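Here is the structure we will look at.
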Amino acid sequence: MLLFLKKKSFLFLFVCLLPLNALAAPATSQVPLDSWVYSALDKLSALGLVDSSLQGDRPYTRYEVARQVDAASSVAKIKDVSSAIAGLIRRMEREFADSLSDLHSGYAEGYIKPREVQLTYVYQQGKNITVTGNGLSVSQFPLNYNNYGINYQEHNAQVVLQGEARLGSFLMLEARPLLQFQDGDQAEAEATLLDGRVALQLGLFEVSVGRQSLWWGQGRHGSIVLTNNAQPLDMIRITNPTPTLLPWIFKYLGPFRFDLFWSQLEKDRIVPDPYYAGLRVNIKPLPWVELGASRAVMFGGEGRPDLSWDDYITILGGKNLSGADDTSNSVAAIDGRIRLPFLWNAEIYGELGGEDEANYFPSKTGYIAGIYLPQIEPSQRLSLRFEYADLHLPTWYRHSQYQSGYTYEGNILGHHIGGAAKDAYLEMQAVVSDRLLMTFALDYEERGVDQPVQEEYTQGVLKVDYEFTEHYSIACALGYGKIENFKFIQDNSEDVGLISVGLRGHW
């Protein structure tokens, strides 16, 4: 996959190769990254019901989810699947009925509609931990990560609304405002736009402007380059939201996606207002093999050298500027996923990333390795995931010039454990029924591996999602964690806890 990133012309080559005369998907809204849908699609894909999904590039649009659900439903009719899997498909068909209608009819009408409302109470008890240490003042509550950079006090009530409007089949406007009420050290009330965008569908291309979160890579507990751990970025983005086949000999690459964005980070940092851009390509040459490559670059900003368009393409394409002295801060990774049908459809996946570059290859490396078992008993109700992340080098997410690090608004843009850290994560999920999903997870993190004393953190989390009517569900989470050697002080321990109860309505 690094060959895709080697030449300046790679992006334009693949963009030009996209078959624009093919049937294009209509403009549809994005499914939030914290939706239950993603774990359900992971399971269907791993069971061999969806061969054309590209799991390393998220979020999905509603149309893309509908396409995958439709594919799973078709295969399930001719393949022996359990009642649990059939029920899971039915639940997704109910929630994405309008997008399935677009898919089957080939005609997309305009509309204005409320899409979703979430009412959530969160109780949080305990102190933040230092995520990166050794020169970076970045901290995070250990049980609150991959949550769009939302911070909590002791008592919290929040309302998230989602609405959208579509003009014909080509223009989509969507917004998710957030209302927060907090009571802890001080009482606060705040209203903000969590995310939202205007998306224009041009053939197979989607061009969007707005506030968005991206998740790039195969990791599920965290990912090296981009996650929703930090606040969504205000960006300009170009992508093909539905995987497509390239023409000529490139069709053997299988389903293909690219994702390109340009953004600017906040002013309140050591180098104010730096630009931030990224590129990802994703292919699936075989139904059981997925490959991807990502690169994100921070450059420019107040007091830093200006870069030309050619310089920007050079850096984004995978090469530091010749003779330049730290003109950019980049993070890159290659990733892959292999499904083993002969071994109960087990999936092995991983990411190999670098904080620097040497002859187009990542250097100062870190990695994520995982295994996913979509079924561990005959009913296919239980799945098991183990994921290990090693970002033990203290250079991770830090930079000599961009000293605020690989962060946005005080949160790591990549894996929430930060640098100089390791993480072992175990998760079991149960499809109790088509309406009830339960997840139990254990996590062990070791931080400050470059320090004389390491901070060790162990947590357990139980999540329950219950759909009690066709349009309403309840989601609850209970988490407890224990921090040893808190703040890198020997024998200093702290307990942390988090409880959340939420009501969700969707239409």
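Tell me which residues, restricted to the range 376-423, are of a type outside the set (D, E) and closer than 30 Å to S82 by Cβ.
Selection gives I376, P378, S379, Q380, R381, L382, S383, L384, R385, F386, Y388.
Is there a residue being crowded, with 18+ Cβ neighbours inside 10 Å, modelled with pLDDT under 95, among the hydroxyl-bearing types (S, T, Y) and touching a Leu at 6+ places or on another chain (Cβ under 7 Å) anywhere in the range 378-391?
Scanning the range 378-391 turns up no residue that is crowded, with 18+ Cβ neighbours inside 10 Å, modelled with pLDDT under 95, among the hydroxyl-bearing types (S, T, Y) and touching a Leu at 6+ places or on another chain (Cβ under 7 Å).
So, in the range 218-231, exactly how many residues are among the aliphatic types (A, V, I, L, M) and either open to solvent by 10 Å² or more (accessible area, probe 1.4 Å) or in a strand (DSSP E or B) (or both)?
Here the count works out to 1.
Give the number of residues within the range 409-424 that are in contact (Cβ under 8 Å) with a residue 40 or more places away in the chain and open to solvent by 20 Å² or more (accessible area, probe 1.4 Å).
The number of residues fulfilling the criteria is 2.
Is it the case that some residue within the range 433-445 is farther than 29 Å from Q375 by Cα, touching a residue at least 60 places away in the same chain (Cβ under 8 Å), basic (K, R) and open to solvent by 40 Å² or more (accessible area, probe 1.4 Å)?
No - not one qualifying residue is present in the range 433-445.
From the list I474, I499, I483, which one is part of a strand (DSSP E or B), at pLDDT 95 or above and over 19 Å from D34 (Cβ atoms)?
I483
Could you check S139 against (1) open to solvent by 10 Å² or more (accessible area, probe 1.4 Å); (2) in contact with a Leu (Cβ under 8 Å, 6 or more places away or on another chain) and say which number it fails?
All conditions pass for S139, except number (2).
Out of (1) touching a His at 6+ places or on another chain (Cβ under 6 Å); (2) open to solvent by 20 Å² or more (accessible area, probe 1.4 Å), what's the single condition that is false for R398?
(1)
Can you confirm whether S473 is open to solvent by less than 50 Å² (accessible area, probe 1.4 Å) and within 30 Å of I89 (Cα to Cα)?
Yes; evaluated as a whole, the condition is true for this residue.
Looking for something surrounded by 20 or more Cβ atoms within 10 Å (Cβ to Cβ), at pLDDT below 95 and in contact with a strand residue (DSSP E or B) (Cβ under 6 Å, 6 or more places away or on another chain) - is there at least one such residue anywhere in the range 303-317?
Taking every residue of the range 303-317 in turn, at least one turns out to be surrounded by 20 or more Cβ atoms within 10 Å (Cβ to Cβ), at pLDDT below 95 and in contact with a strand residue (DSSP E or B) (Cβ under 6 Å, 6 or more places away or on another chain).
Considering only the range 48-153, give the helices (runs of 4 or more DSSP H) lying wholly within it that have at least 3 residues that are among the charged types (D, E, K, R) and more than 26 Å from G278 (Cα to Cα).
62-78, 83-95
For the structure I just gave you, tell me whether V160 is within 22 Å of P274 (Cα to Cα), part of a strand (DSSP E or B) and among the aliphatic types (A, V, I, L, M).
Here the answer is no, as V160 does not meet what is asked.
Does the range 457-468 include one or more residues that are part of a loop (DSSP other than H, G, I, E, B), more than 18 Å from N128 (Cα to Cα) and either touching a residue at least 60 places away in the same chain (Cβ under 8 Å) or open to solvent by 50 Å² or more (accessible area, probe 1.4 Å) (or both)?
yes
Being over 23 Å from S294 (Cα atoms) and either crowded, with 16+ Cβ neighbours inside 10 Å or at pLDDT 95 or above (or both) is true for just one of G56, G48. Which residue is that?
Of G56, G48, the one residue that is over 23 Å from S294 (Cα atoms) and either crowded, with 16+ Cβ neighbours inside 10 Å or at pLDDT 95 or above (or both) is G48.
Taking the range 236-288 only, how many residues are under 30 Å from T327 (Cβ atoms), of a type outside the set (A, V, I, L, M, F, W, C), open to solvent by less than 30 Å² (accessible area, probe 1.4 Å) and part of a strand (DSSP E or B)?
The total comes to 9.
Are any of the residues in the range 187-204 touching a Phe, Trp or Tyr at 6+ places or on another chain (Cβ under 7 Å), in contact (Cβ under 8 Å) with a residue 60 or more places away in the chain, open to solvent by less than 10 Å² (accessible area, probe 1.4 Å) and assigned to a strand (DSSP E or B)?
The answer is no, given that none of the residues of the range 187-204 is touching a Phe, Trp or Tyr at 6+ places or on another chain (Cβ under 7 Å), in contact (Cβ under 8 Å) with a residue 60 or more places away in the chain, open to solvent by less than 10 Å² (accessible area, probe 1.4 Å) and assigned to a strand (DSSP E or B).
Quick check on my filter: what residues within the range 205-217 are over 26 Å from N156 (Cβ atoms) and in a strand (DSSP E or B)?
Residues satisfying the conditions are F205, E206, V207, S208, V209, W216.
From the list L161, L167, L171, L178, pick out the single residue that is surrounded by fewer than 19 Cβ atoms within 10 Å (Cβ to Cβ), touching a residue at least 40 places away in the same chain (Cβ under 8 Å) and either closer than 18 Å to G481 by Cβ or touching a Leu at 6+ places or on another chain (Cβ under 7 Å) (or both).
Residue meeting the stated conditions: L171.
What number of residues in the range 72-82 are modelled with pLDDT under 95 and loosely packed, with under 15 Cβ neighbours inside 10 Å?
4
Pairs please, first residue from the range 477-495 and farther than 9 Å from E456 by Cα, second anywhere and open to solvent by 50 Å² or more (accessible area, probe 1.4 Å) and assigned to a strand (DSSP E or B), Cβ atoms under 6 Å, 6+ apart in sequence or on different chains.
That search, which allows pairs on different chains as well, returns A477/K463; L478/L462; L478/I499; S493/E484; D495/K482.
The values are calculated or read from the model by the stated rules, or taken from the named source; none is laboratory data. It should be emphasised that the depicted structure is a prediction, and the values quoted were computed from it without experimental measurement. Positions of Cβ are backbone-derived with ideal geometry, glycine not excepted, and every protein chain shown enters the neighbour counts. Quick note on the areas: whole protein, heavy atoms, side chains included, nothing else; ligands and nucleic acids left out. Shrake-Rupley method; radii C 1.70, N 1.55, O 1.52, S 1.80 Å.
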